[in-house]
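The values are calculated or read from the model by the stated rules, or taken from the named source; none is laboratory data. Remember, predicted model here, so these are calculated numbers, not experimental data. Every residue, glycine as well, gets a Cβ built from its backbone with ideal geometry; the counts of neighbours run over all protein chains shown.
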Amino acid sequence: MLVSAKDMLTKAKQGHYAVGHFNINNLEWTKAILLTAQELNSPVILGVSEGAGKYMCGFNTVVAMVNAMLDTLKITVPVALHLDHGTYEGAKACIEAGFSSVMFDGSHYPIEENIEKTKELVAVCNKLGLSLEAEVGAIGGEEDGVVGMGECADPDECKMIADLGVTMLAAGIGNMHGKYPANWKGLSFETLAAVQAKTGSLPLVLHGGTGIPADMIRKAIDLGVCKINVNTECQIAFTAAVRKYIEEGKDLQGKGFDPRKLLAPGVEAIKATVKEKMELFGSVDKA
Ligand SMILES: [Zn+2]
């Protein structure tokens with residue numbers, strides 16, 4: 001059964017580790033992540049962007065697939081199904097569809113509007129026992145070919161959002177989605193420490209986990225991060241493994257054209273990436 005992310009993040013915060021949020025794109029992705037979490041006895045958060053939800057034939061399909069898999073694969077570790085960077089409408093649709101956790105990303109709105117919309121969703125989520133992630137300070141990354149370096153959130157604005165009763169907060173600390181450029185200045189630990197000082201024991205979320213050096217990840221966890229989002233790294237690992245299979249001509253040998261055979265190396269690559277991240281984040285055996 002899907003659970004809210006609240007308990008797993010509270011425990012992570014107390015235990016000084018982080019729970020991995022891994023985005024899913026299809027059945028193979030979901031299965032690989034769930035099996036790895038179970039094998040490592042780790043809690044896990046499955047992230048679904050609105051685009052990925054659409055790709056997988058809608059939020060209802062995603063919920064049905066994940067719930068059926070939890071049952072069929074006998075998954076007993078805590079699993080949250082979470083909307084990633086949701087719009088206000090998207091968050092409501094996911095709540096209706098049966099997600100156990102949602103993110104409302106109001107970071108592009110003026111702070112007053114972000115507060116107003118977040119507040120409404122806090123009320124809905126509290127009533128249903130769901131967890132809610134809010135965002136302050138946009139997270140950088142490539143959009144239409146322009147690379148934004150990642151804003152640093154205003155700690156006072158973070159406190160305003162934290163005080164609404166959200167479960168977790170994503171605060172921009174110079175982090176970015178996708179691959180980090182060579183001239184990236186690194187995470188702003190000053191901002192992270194200031195945000196945590198203002199928000200007390202609220203679980204903080206680090207987006208853009210792909211390519212952040214391990215020592216920075218550990219320091220971020222020390223300073224209060226207990227959910228880390230990983231998306232691009234699984235995509236790169238999956239595609240590299242499938243590319244290798246084809247380049248080695250394996251699709252041309254015997255029944256190598258069978259999609260189950262073609263995608264298998266990709267699935268193994270996702271498993272290895274998720275395992276590596278869970279070990280780095282410290283969530284192994286914390287289910
Ligand atoms: Zn993100």
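Considering the conditions (1) modelled with pLDDT under 95; (2) among the aliphatic types (A, V, I, L, M); (3) within 16 Å of the ligand (Cβ to nearest atom), Met168 is excluded by exactly one of them, (1).
If I filter segment 53-62 for residues that are touching a residue at least 40 places away in the same chain (Cβ under 8 Å), within 21 Å of Val3 (Cβ to Cβ) and buried (at least 18 other Cβ atoms within 10 Å of the Cβ), do I get at least one hit? Yes, segment 53-62 contains a residue that is touching a residue at least 40 places away in the same chain (Cβ under 8 Å), within 21 Å of Val3 (Cβ to Cβ) and buried (at least 18 other Cβ atoms within 10 Å of the Cβ). The residues on offer are Leu262, Leu187, and the sole one that is more than 16 Å from the ligand (Cβ to nearest atom) and in contact with a Lys or Arg (Cβ under 9 Å, 6 or more places away or on another chain) is Leu262. When segment 205-224 is filtered for residues that are away from the ligand (no atom under 13 Å from the Cβ) and either part of a helix (DSSP H, G or I) or of a type in the set (A, V, I, L, M, F, W, C) (or both), the ones remaining, listed by number, are Ala214, Asp215, Met216, Ile217, Arg218, Lys219, Ala220, Ile221, Asp222, Leu223. Residues considered: Ile111, Ile45. Of these, the only one that is surrounded by 15 or more Cβ atoms within 10 Å (Cβ to Cβ), touching a residue at least 12 places away in the same chain (Cβ under 8 Å) and in contact with a helix residue (DSSP H, G or I) (Cβ under 7 Å, 6 or more places away or on another chain) is Ile111.
Please work out if Glu157 is more than 16 Å from the ligand (Cβ to nearest atom) and free of Cβ contacts under 8 Å to residues at least 12 places away in the same chain. In short, no. The sole residue among Asp215, Asp251, Asp222 that is in contact (Cβ under 8 Å) with a residue 24 or more places away in the chain and more than 20 Å from Trp29 (Cα to Cα) is Asp222. Does Ala287 qualify as being at pLDDT 95 or above, away from the ligand (no atom under 16 Å from the Cβ), among the hydrophobic types (A, V, I, L, M, F, W, C) and part of a helix (DSSP H, G or I)? So Ala287 fails the test.
From the list Lys227, Lys255, Lys179, the lone residue that is more than 16 Å from the ligand (Cβ to nearest atom) and not acidic (Asp, Glu) is Lys255. Number of residues in segment 74-102 that are over 15 Å from Cys125 (Cβ atoms) and within 16 Å of the ligand (Cβ to nearest atom): the value is 3.
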